[in-house]
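Just so you know, all these numbers are worked out from the coordinates, no wet-lab data involved. Only a predicted model underlies this, so the values are computations on that prediction, with no experimental measurement involved. Positions of Cβ are backbone-derived with ideal geometry, glycine not excepted, and every protein chain shown enters the neighbour counts.
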């Protein structure tokens, strides 16, 4: 396959979006700037053609483009996004090699890169299947034989659109429609890569499944789309690991995750995001939970400069439950970690629990924006939210914006939040036992996020542990 | 224009002193939006501004007037009773100055309108003050502008009571408390499916004690912003009791500007019938306020099937050097455990619920008017009061 490249001035598109906040620039001006930046109908059609997509997909992309221009910019979006040095990006790069079926066939330099991240090792040892993404197009697809035998479909989004167009069409951007907000619309227009997973009725996958995303070349945008459907009574634990090497330019990421847990199914979705500091991560995550279904979000937002992620579950069926455990870390001046979970109770007997832990130092900013909504008729709904922010020095900032909206009498919603600094007494206790400042601090920080650590698979907990210790090393004197 | 009748308000303003300044304020009212930033992704605005906007009120009483309920006791030496935009009794004078030195007219749309149309009460000396602000005529906009200035070491107690039998009451209240001063403010708003609007800003260097109670309004928006200077302390209680088709949005923001300041707040709401209550607030500790502490508790009780509640206490901490910053929120029906506890002691269900609701809503020192309104509403809901037996 020949290499194809479509240039797009993403920097201009983003800064135009930021400037359009509160209608500061007119619709016409915005349109003009976006078109000048390369984002126009013909380009979108070209992308769709290169990928030989069905007509509905092309239409959806064009609808996304239309909506991206129409929808106002969210006012809470940090202005700093507009000042980043995201220069000319090649939106769609086809790798110069075809998709390989086995690890051994992958060229050594790319293999070395993956190996440094520990992908193949973990894949061989624990993980059931793997679809790795490199330069937008999956180069590696391997679903273990037993999974295939059970009828599990797991392949790259591109292949899924070709092989199972009707199945994909039924769910694609139905849970998170492009009309939701500006960047969801942009995602619809430029979506590329990602994973499609379908777990048939009553199939329970015992080992976690991993999709490891890598932002490869500099100036590479990622608009990957993950769509996961767990049919009735099935179970899957999907791990999304995101990591990127140090890139010379800032990189923008506008991904989307859609989960659909049908009745009595259970989905656990774990994300450990440890991108390098010049990535802007804008991830749209939403799940539907039908009757008796369970959706569990586990999110570690450690890397990236700016990260905007709100795992959301819409509890649509009686007795559906959802939990969301999020750790964010803002470790440098200019770090902006916008997180928070949204739970929409739309059916009776639904349960949700949100635990959010933010760690900040060196002037980083952590933001929690959450919504608990209990719709009329969602009797006997129960929701619990806890969000804590730990600040390790004076420069750090933490914001908490929870919204609790209850439209049903027979509901119980509780929320608590605490913004705290390092406990001097606890530090003193550890010091008197001969433990150094930094070690004591990292012990206390790890204790602070213990609730979430316990939910992670062992190797991820170890990785998180290492990352936090390394970050604490950077910290100066303890507050 | 909305809220007021355009011709009528222009004529009214022309008849007042300082009419040019007032015209500027009216212009500002027309230009400003009700709200710039949406409140949440799921609910755009916690106050349904359209409800105010649909009104077309006048400034002079007309039509059928309800006989005002006048207070039996005037709980202060200095007082004023205003009925339908006319002072009918009291020893406090209304001045014609249209501005408030603590509040910028552009703070909010309805602030500009209130300042454009209201007379001003100024409280500058220590002591106890009582303002009784009544509106009885339908389609009447009844505005008032109050400025409180407590000097060093001075103590001011202000009790403002607003009864809107019909029409819409509106209050703009600015307060300043110097070092070592003590400002106590009690704001009560009792409506009768009428409208009410309140905007207040308080700059406190000393101590502030605030108590807000709002009930009975078809649409009530009360927003209080407190700035705390170095070493300043504030504590507030804000309560909303929504019955029938009431919509009450109560917001208290505390902004810590100076170091060593501390604040604590309690927001409570009870929603009955088809009522909607929203209690919210932002506690903000700015980077210039190290070693401060803040705590906000929000509790909502839903006591009828159709009731709706929003609880959103927020925190903005802009320095890592804090003593404490926390909040909690809850929304639920009357606790089954508490009901069971009382039932097992021989109290029937309805009585038990009534006891719990009263215990939740009422506070020590509530004025008799508040008690009366709460009792009336609860009795209508079937929660009759049980007199203690000897």
With T = 25 °C, eta = 0.890 mPa s and Kirkwood Rh from C-alpha pairs, the Stokes-Einstein D of the range B:334-390 in µm²/s is about 204 µm²/s
Using eta = 0.692 mPa s and T = 37 °C, Stokes-Einstein with Kirkwood Rh from Cα pairs puts D for the range B:3-329, in µm² s⁻¹, at 165 µm²/s
Taking A:339-347, B:257-265 and ranking on average Cβ neighbours within 10 Å, highest first, one gets A:339-347, B:257-265
One finds the C-alpha centres of the range B:341-386 and the range A:364-415 to be spaced, in Å, by 30 Å
Protection proxy (average C-beta count within 10 Å per residue), highest first, orders B:343-353, A:427-437, A:64-74, A:258-268 as A:258-268, A:64-74, B:343-353, A:427-437
Partner shielding of B:330-339, taken as the mean number of other chain Cβ atoms within 10 Å, equals 4
Neighbour-count ranking for A:203, B:183, B:270 (other C-beta within 10 angstrom, fewest to most) reads A:203, B:183, B:270
Descending packing, highest mean Cβ count within 10 Å first, for B:56-69, B:121-134 is B:121-134, B:56-69
Taking the alpha-carbon centre of each part, the distance from the range B:224-296 to the range A:149-199 in Å is 45 Å
Computed on Cα atoms, Rg of the range A:329-479 relative to 2.2 N^0.38 Å comes out at 1.20
The Rg/Rh figure for the protein assembly as shown, Cα atoms and Kirkwood Rh, to two decimals is 1.01
The range B:287-390: Kirkwood hydrodynamic radius (Cα pairs, Å) comes out at 16.6 Å
When A:28, B:227 are arranged by how many other beta-carbons sit within 10 Å of their Cβ, fewest first, they go A:28, B:227
Here the whole-number average of other chain Cβ atoms within 10 Å per Cβ of A:366-373 is 3
Fewest-first ordering of A:450, B:245 by Cβ atoms within 10 Å yields A:450, B:245
In Å, the Kirkwood hydrodynamic radius from C-alpha pairs for the range B:1-85 sits at 16.4 Å
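Partner chain Cβ atoms within 10 Å, averaged over the residues of A:415-426 - can you pull that number for me? Before the final figure, lay out the partial values.
Details: counts 9, 7, 9, 7, 12, 7, 8, 1, 0, 0, 0, 0.
Mean shielding count: 5.
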Taking Cα pairs closer than 8 Å and at least 6 residues apart, the relative contact order of the range A:366-479 in percent is 27 percent
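Counting only DSSP beta bridges with both residues in the protein assembly as shown, tell me the antiparallel percent, nearest 5.
10 percent
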Percent relative contact order for chain B, counting Cα pairs under 8 Å at least six residues apart, stands at 9 percent
In whole percents, the bins of 10 Å from zero upward hold the Cα-Cα pairs of the range A:7-90 as 17, 46, 30, 7
Per the helix-only model, chain B has a calculated mean residue ellipticity at 222 nm (DSSP H runs of ≥4, -39500 (n - 2.57) each, divided over all residues, rounded to the nearest 500) of -5500 deg cm²/dmol
